[in-house]
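**Student:** After the C-alpha cells below, expect a handful of questions from me.
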Amino acid sequence: MRQMCAIAGVSRKSYYYYLRFLSKPNADSDIVSLIEAIQESTGYGCGYRQITMQLNTMYNAGPINEKRVYRLMQEHDLLSSVRRKKFTPEQYKRRRELKDNVPPNLLKKNFFSGTPRRIFCTDITYLYCLEQTWYLCSIEDLFNGELVGYALSNRIDTQLTIDSILNLTEHIGPQKNAIIHSDQGSTYTAFEYKAKVKALGFRQSCSYVGQCWENACLESFNGILKTECYYNRFGKTKFKDRRISQSKVLPLIEEWIPYYNEVRCKEYLGGMSPVAFRERNPRGTLPVIVSPDKKY
C-alpha cells in the first residue's frame, strides 16, 4: 500500500480519503436527485438545513455544506414551500444592520420633563376607515403633554415619520439636542429617518423591544384620541369594523387636536390645558410635581 501511494505520488491519508468517497453521490446531478426525492416524499416541507443534515447522515452523501445545498435547491426550484425567505439576502443584511444600530433608550420610562421643548415622544396609530386604513404619526411634548407635530398618510412608511418631525420643526422650530423617543418600529430605525433626526439636531431614543409601556405617554394619547374623537361619535364597534367613511374620520383630526391642546384639561397640570400650562410656565421655571402613577 505504501509503495502504491509512493508510486502515485499521494499521501496515505489522501489515498484513503479518495477510496472512501468513490461510491458516494457527490456529483451535483446525484445530489439534486436525492433532494428532489426528499422534497417529494415530504411535500416540499424541508428547508435546506434539514436536507443538508439528511444528505450527510442518512444518504452518505457528505460532507456537503449548506451553501451548496441551498444553491442547488435554488437553481432547480426545490426550496421549501412553507418557509420561503420573505426578503432577499441584501434586505436581510440591511435589516440586521438596522437592528445592530438601534439608538439607545435615553428615557427608560422616565416620562417627565421640567423644561418645554426638550423631550418628545412619538408613535403611530391606525385609523380604520371604510375605504382603507390611514395612519397617524403623533409627536408629544412631555413637559405638558401637548401635541406639537403630526402627519397623516394612507401608507405606513419612513416618509410618514419624517413628515411628522418636519411638521414639528415647522410648528415650534428646530430644537437642538432635544430628545425624541419612539419604539423600535422599522419606520423609526430606518436610515433615512435617523439621518433626518440627526440633521435637525435631535437626539434619538428608542424603547426596548416588545415593551409598549416604554412609550406609555403616546399609547395613552392614542387611546384618548380614539375614545374621545371617534368612539363617542361613531361607536367603537363601527369604527374598528371599518364602517365609517374616511370623509368623516379624517377631518376630525384637524378639529380635535386644537381642542386637545388648548381646551382639554389635565389633572396632573393642575386642571389646565397643555397650552395654558406652557404659557404660564414658558421656561419651566415653576415646579411641576408629577406622581409616579400619574395618568395621561
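Nothing in this text is a laboratory measurement; each read-out follows from the coordinates by a stated rule. Being a predicted model, the structure only gives us computed values, none of them experimental. Please note: Cβ atoms are built from the backbone with ideal geometry, for glycine as well, and neighbour counts cover all protein chains shown.
**Student:** Mind checking which aspartates and glutamates have their C-alpha under 15 Å from Lys176, skipping anything on the same chain fewer than 8 residues away?
**Tutor:** Asp141
**Student:** If you stretched the chain out fully between Lys198 and Asp77, how much longer would it get, using 0.36 nm times the residue separation minus the C-alpha to C-alpha distance?
**Tutor:** Numbers: separation 121, 0.36 × 121 = 43.56 nm, distance 4.46 nm.
Full extension of this stretch gives 39.1 nm more.
**Student:** When the Karplus curve 6.51 cos²θ - 1.76 cosθ + 1.60 is applied with θ = phi - 60°, which whole-Hz ³J(HN,Hα) does each residue of region 269-278 get, with x for Gly and Pro?
**Tutor:** Going residue by residue, I get 9, x, x, 9, 6, x, 5, 4, 5, 5 Hz, with x marking Gly and Pro.
**Student:** Figure the gain on full extension for Leu250 and Ile224 (residue separation times 0.36 nm, minus the Cα-Cα span) and round it to one decimal in nm. Spell out each step's value before the answer.
**Tutor:** Numbers: separation 26, 0.36 × 26 = 9.36 nm, distance 1.61 nm.
This chain segment gains 7.7 nm when fully extended.
**Student:** Provide the FRET efficiency to the nearest 0.05 for the Lys236-Glu279 pair, computing r from the beta carbons and using R0 = 45 Å.
**Tutor:** It comes out at approximately 0.85.
**Student:** Using a simple spin-label model with points 7 Å from Cα along the Cα→Cβ vector, what separation in nm is obtained for Ser186 and Glu131?
**Tutor:** Reported label-point gap for Ser186 and Glu131 is 2.6 nm.
**Student:** Give me the one-decimal nm value for the distance between modelled label points at Asn56 and Asn177, 7 Å along each residue's Cα-to-Cβ direction.
**Tutor:** Result: 5.5 nm between the two label points.
**Student:** While we're looking at this one, here's another question. Which order results if Phe234, Phe191, Phe120 are arranged by neighbouring Cβ count within 10 Å, fewest first?
**Tutor:** Values: Phe234 16, Phe191 12, Phe120 27.
Ascending number of Cβ neighbours within 10 Å: Phe191, Phe234, Phe120.
**Student:** Among rounded, prolate and oblate, which fits region 192-258 when a ≥ b ≥ c are the square roots of the eigenvalues of its C-alpha gyration tensor, a/c under 1.5 means rounded, and a/b larger than b/c means prolate?
**Tutor:** Working: a/c = 2.65, a/b = 1.83, b/c = 1.44.
Because a/c hits 1.5 or more and a/b exceeds b/c, region 192-258 counts as prolate.
**Student:** Moving on. Semi-axes, largest first, in whole Å: what does sqrt of 5 times each Cα gyration tensor eigenvalue give for region 119-280? List each step's numbers first, then the result.
**Tutor:** Values: eigenvalues 119, 86, 40 Å².
In descending order the semi-axes read 24, 21, 14 Å.
**Student:** Follow-up question, since we're still on this one. Starting at the first residue of region 107-118, write each ³J(HN,Hα) from the Karplus equation 6.51 cos²θ - 1.76 cosθ + 1.60 with θ = phi - 60°, in whole Hz, x for Gly and Pro.
**Tutor:** Once θ is set to phi - 60°, the couplings for region 107-118 become 8, 6, 6, 9, 8, 10, 9, x, 10, x, 6, 10 Hz.
**Student:** Sticking with this structure for a sec: Could you sort out which of Lys108/Lys236; Lys236/Lys266; Lys226/Lys248 sit more than 22 Å apart by Cα distance in this structure? List each step's numbers first, then the result.
**Tutor:** Details: Lys108/Lys236 32 Å; Lys236/Lys266 24 Å; Lys226/Lys248 14 Å.
Listed pairs above 22 Å: Lys108/Lys236; Lys236/Lys266.
**Student:** R0 = 35 Å: FRET efficiency of Tyr44 with Asn105, Cβ-based, nearest 0.05?
**Tutor:** The pair Tyr44/Asn105 has a calculated efficiency of 0.25.
**Student:** Hey, got the dipole for region 119-280? About the Cα centre, +1 on K and R Cβ, -1 on D and E Cβ, debye to the nearest 20? Don't jump to the answer; show the numbers that get you there.
**Tutor:** On the way: 18 positive and 19 negative charges, 47 e Å.
That gives a dipole near 220 debye.
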